[in-house]
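Here's the structure we're looking at; comments come further down.
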Amino acid sequence: MSEPLRGVIVSHAAVAQALVAAVAAITGVRDALVPVSNDGCDTGALSERLTQAIDDKPAVLFVDLPGGSCLTSSVRLARGRADVAVVTGVNLAMLLDFVFHRDIPPADAARRAVEAGSRAIRTPAA
Amino acid sequence: MSIALYRLDDRLIHGQVVVGWGKPLNVGFIVLVDDAVRASAWEQELYRMGVPPEIEVVFASTEEALERLPAWERDPRVGILVAGDIATLAALTANSHRVGRVNVGGLHHRPGRSERLRYVYLTDAEAAQLKTLAARGVEVTAQDVPTAAPVPLEDFT
C-alpha cells in the first residue's frame, strides 16, 4: 500500500466526532480518522458526505449500526470497489487497533477491525 | 386497523422506524413501498439487514401496494408502511379511505427544498401535495419519533 488507509466513521448524531476525539486523546494519532454524521441527510446527501470524506483514497468505513441509513449509504458506496471496505458496530477498541495498522488492504483491515472490536466486548467479573 | 403508521421518510427503513417506532408499537411487519428498491434484490437485502428476524419486511412497488393494502390492513400483526416520497403515499390514498393518517417522519435537505422543521424540508410543490392530502381527509402530522409531539400540517407548510 502506498498510502495508509483512511478510516471514515459513519454514525448517527455526534457519535463519529466523539470517537475521533477519543482516539486522538488516547493515541495522539490525528490524521487517520474522519467523522461523518447522517444528521440532516437523506441518502443522497449522506453519500456526498461520504465521498468527500473518502476523497478517492483507500478507506475503511466504520458504521455505527448494522442497518439503517449509515449502513445503506456506506455499502452502496463501497459496492464493487476493492479500495473501500465496510465494518458495522464500530467501537473504540477497533479504532485504536486500526490507527496503528493502516498499511494493509482495506478488506484485511476490515476483518482485523471486526476481531479487535469483538474481543473488547466482554462481561468482566465484578 | 393493523397498519399503525403510514410514514413518509426518505431514509426508508432505518433506526427511527425499526427501533423508535417499531419497539413501542410492537410491529410484526414493515412494508417498504418504493419502486426502485422493489426492483433490486441487492437493495432489499441492504434494508433487511437493519431489521431483526422477528419482523417481516415486505417490499412492494406502488402498484403492488395499492393491490395489497387491504390484506395488510387485515393482518392481525401490527405493521408500519414506509414510503420515501409524497407522491407514493398520495397514490395509496387516492382510491382508499383506509389511509387516515400520514406521519411525516423525515424529508431531508435537497436543492429546492427549504427547512420547515429540523427533519422536514419541502419544496412549495411538496407542501402543496401534503395540503392536498389533508384536503382529502387525511390527517397529516410531522413527528420523527414517538416521544416527540406531533406537529400539525399547518405549522410546517
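Laboratory data are not the source of any read-out in this text; all were calculated from the coordinates shown. The structure presented is a predicted model; accordingly, all values stated were derived computationally and were not measured. Virtual Cβ from ideal backbone geometry, glycine too; neighbours counted across all protein chains shown.
Quick notes on this structure:
- Averaged over peptide A:66-76, the number of partner chain Cβ atoms lying within 10 Å of each residue's Cβ comes to 6.
- Where both bridge residues fall in the protein assembly as shown, DSSP classifies roughly 10% of the beta bridges as antiparallel.
- Arranged from fewest to most other beta-carbon atoms within 10 Å of their beta carbon, A:70, A:41 become A:41, A:70.
- Inter-centroid distance (Cα atoms) of the stretch A:95-115 relative to the stretch B:3-26, Å: 34
- Taken residue by residue and averaged, Cβ atoms of other chains lying within 10 Å of the Cβ of B:13-26 number 2.
- Part-to-part distance (alpha-carbon centres) for the stretch A:1-65 and the stretch B:56-70, which is given in Å: 36
- Placing unit charges on the Cβ atoms only, positive for Lys and Arg and negative for Asp and Glu, gives the protein assembly as shown a dipole magnitude near 480 debye about its Cα centre.
- Distant-in-sequence amide H partners of residue A:8 (H built 1.01 Å from N, under 5 Å): A:34, A:60, A:61, A:62
- Positive dipole terminus of the stretch B:3-155, leading residue within B:58, B:42, B:20 (C-beta point charges): B:20
- Dipole check for the stretch A:6-119: with +1 at the C-beta of Lys and Arg, -1 at the C-beta of Asp and Glu, and the Cα centre as origin, the magnitude is about 180 Debye.
- For the stretch A:16-64, the convex hull drawn through the C-alpha positions has a volume of 80 cubic angstrom per residue.
- Sorted largest first, the spans of the alpha carbon positions of the protein assembly as shown along the three principal axes are 60, 41, 41 Å.
- P(r) histogram, all alpha-carbon pairs of the stretch A:61-126 included - 5 Å bins from 0, percent: 3, 18, 26, 22, 18, 7, 3, 2, 1, 0
- Convex hull of Cα atoms in chain A, direction-averaged projection (nm²): 7.9
- Alpha-carbon Rg/Rh ratio, for the stretch B:3-155, with Rh computed the Kirkwood way: 0.93
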